[in-house]
Structure formats: structure tokens, C-alpha cells
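The values are calculated or read from the model by the stated rules, or taken from the named source; none is laboratory data. Since the model is a prediction, treat every value here as computed from it, not as a measurement. Counting neighbours? That spans all protein chains shown, and the Cβs are built from the backbone with ideal geometry, glycine included.
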Amino acid sequence: MDKLNSLVIFVRAAQYLSFSEAARQLGTSPSTVSKAVLRLEEDMGIRLMNRTTRSITLTADGEAFYNRCRQILAELEEAELEVKRSLTTPTGTLRIDLSSELARLHIIPALPRFLAQYPDLKVDVSLTNRMVDLIEESIDAVVRIGIGKDNRLIMQRLATAKFIVCAAPNYLQKYGTPTTIADLHNHNCINFISAWTGKSYDWRLQQDGEEISLAVEGNIRLDNGEAILATAIAGVGIAQLYNYVAAGTIAEGKLKPILQHYALPGSPISIVYPQRRHLSAKVHAFVEFMQELMNALKRTGVVD
């Protein structure tokens, strides 16, 4: 830091060819300026300035060094301004990873509004449901369903996603409407499977205030929520879907919710980002955007 201060003092003295003017500009004394330049010369082992009682001139080495230092300090100042600007104005590239169905159905359609609001910002988006390491993978923020545990991260709850058991009216008319959990064993249930393991996920319900996991049976298994939605609408069977996937088709009458008194309270929809002393403007802007979007979805009953 002392070397950097000496460089700043030298550049100002070389700019004005005056220790007193350099001192006035820097808010210090001429002797301080003189000593800083002398110390720099001693450290480098070369003379940078010729001094007389009347004037100061740069040596050839001093002229070359001045031009280089001026460029370096200008770039350093620009870098500092760029960092400060990133804390106040969303700029650069925002890297986000989003829960896939929530993203495709609701976040991606709203992103043009976000981009229009911040024209200096670029957004890299990946859609996965896997656990990502934000720090290792240099991801600025993720949106996830459920609760994670990592003390390096901030998790901010935005809304609640609830599971809805539902089926098409024509399916229920043909096969009847189940009224208890046990009735599901007599129905064709659409299974959600892991894309990585191929194993079916149990349905999550509650009975007598306790959460239960229920293995259901059916003739079709899918690894995508939107595909399950389309299959249920087609009348193939009963599905369990998040409300943000099924809410629109339920409102349109294409699906009918059933077994609602067995529904769980729900899981948090959260935005997650690394802990930092100063949150960058681009992440702060995205957090605000997600808060506004989730509040709008709450008003229409898509999430809770």
C-alpha cells in the first residue's frame, strides 16, 4: 500500500512538475511529496526527477515511468469504479439456476420484463432440479423447492408450494372419485420418477396430522412435472402435482383437485445465494424481481 501511495504521489508531482501543487491536490505537505518521490527513487535505484531550486523536470526514465504509472492508476481507478458500480447498478452477467417446472411455467415468461428493466445486465439461465454448489460452480443464485442446509448460503423464502392430488373430470366420471388414501390403491396413479435413478417418488400426504409417504401404482411413469400434467389432463390417471404446475388447469376445469383434506402444509419456494458482505446489485435486483413475481402468483392462487 505504501508503494501504491508513492506511485500516486509521484504521478501527481510529475503531472504538475511541482511538489507544492501536488501536495495541494493531495491534501498533504510538499515535504511529504518530496520524501515519497525520493523513497521511490531509492527503492528503484534510478533518478526519476531532476530538481533545482526553481523547477522540477522528469528524467528520461522518469518520463517513461510516469506514462506507465498513469496508465496503471487509470486502469486501477476504472476497476474500482466498476466494482462500486456493480454494487449499485445491475451490470455484467447474472448466472442463475432454476427449478425446472417453476421456471418454464412462470419465471421464464416473466424474465423479459426483468431484462427490460436492467438493459446492462445479461442473464445465463440453467434449468435443473439437482443440488448445485453455488460457490464451486460460480452461480449467483438458485430458486429451489424445499429446505437446504449450507451455512455458506443465504436462503430467503419467497412462497409455499403445495402438493395437489388431481385428476381429469372424465377420469373421475369413469372410475369414481377416491375419498380416502386407501382408495388410491384402486386407481391408476401417474408416478413421478427420478431422471437419475429411475425410481418412483412416493406421494407425500398427511393423515391425522402426521406426514405419510405413499407408494402408488399405475401404468405410466414420467420424470417431468409438465408431462405428468398433460397425462392427467388426457384422463390417463390421478396425479400429484405442485400447485404452481396444476393451478392453471384446475382453474380452467381441465383437472379437479381431490383428497384435499390429506394435503400437506407445503414446502418453501426459496431463492438461495452465497453469503457475502456486500450483495451485488445484480443479485439484489433478481431477489426483488422474484419477490414481486411470487407475490403476483400468490394473488392468483398459483402458489401460497
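Among (1) surrounded by 15 or more Cβ atoms within 10 Å (Cβ to Cβ); (2) modelled with pLDDT under 90; (3) not β-branched (Val, Ile, Thr), there is one condition residue 203 misses while meeting the rest; what is its number?
All conditions pass for residue 203, except number (2).
Name the pairs: first residue in region 218-231 and within 14 Å of residue 203 (Cα to Cα), second residue part of a helix (DSSP H, G or I) and among the acidic types (Asp, Glu), Cβ to Cβ under 8 Å, at least 6 apart or on different chains?
225/101
Show the residue pairs meeting these rules: Cβ distance below 9 Å; 6+ apart or different chains; first residue within region 182-202 and in the same structural domain as residue 170 (by TED's automatic domain parsing) and free of Cβ contacts under 8 Å to residues at least 60 places away in the same chain; second residue among the charged types (D, E, K, R) and in a strand (DSSP E or B).
Note: pairs meeting the criteria are 190/221; 191/221; 192/221; 193/221; 198/221; 200/221.
Search region 43-67 for residues being of a type in the set (D, E, K, R) and loosely packed, with under 12 Cβ neighbours inside 10 Å, and hand back the single one that is farthest from residue 22 (Cα to Cα).
Residue satisfying both the conditions and the ranking: 43.
Please state which one of 92, 148 is among the small types (Gly, Ala, Ser) and at positive phi.
Sole residue among the options that is among the small types (Gly, Ala, Ser) and at positive phi: 92.
I'm trying to understand the selection: among the residues of region 29-57, which are more than 24 Å from residue 75 (Cβ to Cβ) and assigned to a loop (DSSP other than H, G, I, E, B)?
Residues satisfying the conditions are 29, 45, 47, 52, 53, 54, 55.
Does region 127-136 hold any residues that are out of contact with any helix residue (DSSP H, G or I) (no Cβ under 7 Å at 6 or more places or on another chain) and within 21 Å of residue 104 (Cβ to Cβ), and which are they?
Across region 127-136, the qualifying residues are 130, 131, 132.
Taking into account only those residues within region 118-142 that are assigned to a loop (DSSP other than H, G, I, E, B) and polar (S, T, N, Q), which is surrounded by the fewest Cβ atoms within 10 Å (Cβ to Cβ)?
Result: 138.
Among 74, 36, 14, which is loosely packed, with under 13 Cβ neighbours inside 10 Å, among the aliphatic types (A, V, I, L, M), over 30 Å from residue 147 (Cβ atoms) and out of contact with any Asp or Glu (no Cβ under 7 Å at 6 or more places or on another chain)?
74
Looking at region 145-186 only, could you name the residues that are modelled with pLDDT of 90 or more, out of contact with any helix residue (DSSP H, G or I) (no Cβ under 9 Å at 6 or more places or on another chain) and surrounded by 15 or more Cβ atoms within 10 Å (Cβ to Cβ)?
Result: 172, 184.
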